[in-house]
Amino acid sequence: MRASAAVVALCMTGSAHAFVPAPALPTRTKALRTRMSASEEAERIAVNKKDERRRILASPKYNRMGFKSEAEDVSSMMLEEFTSPMVKELKSNSNVLQKGDVTVKLAQDFGFCWGVERAVAMSFQARKHFPSTKMHITNELIHNPGVNEKLDEMDIEFVPVNENGKKDFSAIQDGDVVILPAFGATLEEMQLLDSKDVQIVDTTCPWVSKVWNTVDKHTKMQFTTVMHGKYAHEETIATSSFADKYIVVKDLKEAQYVADYIVNGGNKEEFLAKFSMALSAGFDPDTDLQKVGLANQTTMYKRDTREIGKIFEKALMAKYGPAAIGQHYMAFDTICDATQERQDAMLELVEDPEIDIMLVVGGWDSSNTHHLAEISLNRGIPTYWVNKAECVKPDGSIDHKDPHTLEVINHPNFLPKGKVCVGLTSGASTPDAYMQQTVENIFLLKQLQPAMATA
């Protein structure tokens with residue numbers, strides 16, 4: 001019997017095991033009249049930013065704890081919406097599940113982290129607590145399309161971005177509720193919202209707040225913050241807003257370039273052009289790299305952050321001598337445990353010789369998911385980074401994002417014939433239920449593979 005892709009699709013939609021679609025988805029401080037020294041000025045800036053943040057956080061309009069009266073109902077809703085019987089079965093069977101010709105091996109650590117789960121719960125609680133109040137969110141709550149579409153269904157409006165790439169807060173009116181996402185918000189955004197008569201629900205991950213505290217220490221000690229991260233990422237934008245002077249480096253290559261400039265000097269114009277989007281205003285590499293402190297975007301590679309720290313420590317020792325290193329370099333551990341646990345689990349999973357392909361489920365704009373897919377692809381394993389179940393197509397193809405080129409590709413006939421072992425993991429913003437939906441589509445596609453081969 002011959003079957004076309006259209007017939008296969010019809011079978012899927014009419015079956016109890018049909019392809020599961022993705023869920024429907026203040027003021028500036030006035031200049032003092034008396035002239036201050038550079039150290040006094042730096043101290044003033046440090047006090048302003050740190051104390052300004054604390055002042056805003058202490059406002060009665062500011063909520064960082066959620067709404068206990070809504071917690072029980074929201075917990076039940078999240079259990080129903082986001083948990084997975086399949087994942088429970090996998091965990092009970094040493095993270096292995098076989099169905100027909102498909103064997104799935106799940107990473108030991110995966111999926112929703114505590115910070116993300118907390119942010120989602122707080123947002124759902126806010127909507128239940130203010131059922132008829134106009135509600136906004138300043139950015140994607142987390143990097144997961146299904147969760148963000150769920151917020152949209154709850155009439156939580158995303159703050160729009162204008163044609164110049166700037167957020168437009170004009171629609172936020174007195175009496176509204178504004179949610180700050182798990183990545184945090186900039187000091188400028190916090191000040192703007194504080195000037196309005198709105199209720200703020202701050203879901204910023206405590207690990208991100210930990211990095212902000214480290215940046216406060218850098219500024220107080222007149223150190224420039226070297227941020228390991230992506231300059232356009234929401235978390236890095238927020239964190240850098242609390243620094244006096246900063247530079248963002250995305251990888252070891254950029255870190256080494258900056259370190260070489262510290263030791264040997266170089267072309268200042270070239271330096272400023274290279275990092276034009278990743279520097280604080282008025283940054284001068286000839287003076288602002290004499291004392292540096294390390295911080296990181298919490299979703300970056302732990303080993304890379306530590307290697308970058310060693311690169312700068314070595315450069316500053318070469319420049320100023322080992323005895324003076326404490327006066328020129330400082331570092332604190334700001335690496336997120338959840339990010340590292342998922343990366344370590346993936347590093348272990350890619351060592352399994354039975355794995356034929358790797359399925360990584362998570363938002364295409366998720367940095368931590370990007371790194372998980374990168375680990376697998378770098379080991380030579382065919383890797384498919386999908387953001388929702390619908391990426392697995394009825395015609396046997398898959399839409400996936402290449403972690404190297406960042407292009408979304410349609411790969412036809414991606415499932416090998418015969419028996420196949422699928423490695424499986426998901427990003428820290430991915431609910432287990434969304435991962436299950438994707439795997440169920442692969443199971444079904446495998447069952448239909450013989451009929452499709454004769455089409």
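Any read-out appearing in this document is the output of simple, stated calculations on the displayed coordinates, not a laboratory observation. None of these values were measured; they are calculated from a predicted model. Here the Cβ is made from the backbone with ideal geometry for all residues, glycine too, and neighbour counts use every protein chain on show.
Worth pointing out:
- Taking amide H positions as modeled 1.01 Å from N, with prolines and chain starts lacking one, the residues under 5 Å from Lys99 and 5 or more places away or on another chain are Val104.
- For the stretch 296-313, the residues whose amide N sits under 16 Å from a probe point set 7 Å from the Cα of Lys274 along the beta carbon direction are 308, 311-312.
- Centroid-to-centroid separation of the stretch 96-140 and the stretch 161-179 [C-alpha atoms, Å]: 25
- Rounded to 5, percent antiparallel among DSSP beta bridges of the stretch 184-307: 10
- Mean shadow area of the stretch 106-185, taken as a quarter of the surface of its Cα convex hull (nm²): 6.6
- Label zone of Ala281 (point 7 Å out along Cα→Cβ, amide N under 12 Å): in the stretch 191-235 this covers no residue at all.
- At 0.692 mPa s and 37 °C, Stokes diffusion of the stretch 207-335 via Kirkwood alpha-carbon radius, µm² per second: 231
- Charge dipole of the chain about the Cα centre (unit charges at C-beta), most positive-ward option of Leu79, Val258, His233: Val258
- Computed over neighbours whose Cβ is under 12 Å from that of Ala433, the net charge equals -1, Lys and Arg +1, Asp and Glu -1.
- On the principal axes of its alpha carbon atoms, the chain extends 89, 55, 42 Å, with the longest extent given first.
- Taking a Cβ cut-off of under 15 Å around Leu415, the surrounding Lys, Arg, Asp and Glu residues balance to a net charge of 0, with basic ones at +1 and acidic ones at -1.
- Each Lys and Arg adds +1 at its Cβ and each Asp and Glu adds -1 at its Cβ; summed about the Cα centre, the stretch 224-282 shows a dipole of about 40 debye.
- Charge dipole (debye, nearest 20) of the stretch 60-136; +1 at Cβ of Lys and Arg, -1 at Cβ of Asp and Glu: 360
- For the stretch 112-149, GluC sites (Glu not before Pro) meeting the loop criterion (DSSP other than H, G, I, E, B) and having at most 15 other Cβ atoms within 10 Å: none.
- Neighbour net charge for Asn267 - beta-carbon separation under 15 angstrom, K R +1, D E -1: -3
- Separation of the stretch 215-253 and the stretch 344-394, taken as the distance between their Cα centroids, equals 29 angstrom.
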